[in-house]
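Since the structure comes first, as structure tokens, the remarks are kept for the end.
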Amino acid sequence: MQEYTNRYGMTFKVGQVGTLTRRFKMHDGEKLTITGFTPTGRFMHTENERGTRYSFTTESQILRGSHMGNSKITF
């Protein structure tokens, strides 16, 4: 899957660059690139410049496993 449109009409594409935003500002402002999606489109896979991988929900852009939305990706 190369792109995904969520129920709010936001379209995400492989190669799109976003910014990691965290409530606790340890890595705030880190640039993330979308590398792919799960087959159902529920999660997007991203990677930073150092090769660290993250998964975010496509509906709310919250980091998978993040407690109460403390970490999210913004575009």
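Between residues in the range 35-56 that are over 14 Å from Leu20 (Cβ atoms) and residues that are open to solvent by 30 Å² or more (accessible area, probe 1.4 Å) and among the small types (Gly, Ala, Ser), which pairs lie under 9 Å by C-beta distance while being six or more apart or on different chains? Qualifying pairs under 9 Å: Thr35/Gly15. Only strands (runs of 3 or more DSSP E) whose full extent lies in the range 25-75 are considered here, and the ones with at least 1 residues that are open to solvent by less than 30 Å² (accessible area, probe 1.4 Å), modelled with pLDDT under 90 and of a type outside the set (Val, Ile, Thr) are 71-74. The combined condition, being modelled with pLDDT of 90 or more and open to solvent by less than 20 Å² (accessible area, probe 1.4 Å), is fulfilled by Gly18.
The values are calculated or read from the model by the stated rules, or taken from the named source; none is laboratory data. This one's a predicted model, so the numbers in the text were calculated from it and none came from an experiment. Counting neighbours? That spans all protein chains shown, and the Cβs are built from the backbone with ideal geometry, glycine included. All accessible areas refer to the heavy atoms of the entire protein, side chains included, with ligands and DNA or RNA removed. Shrake-Rupley method; radii C 1.70, N 1.55, O 1.52, S 1.80 Å.
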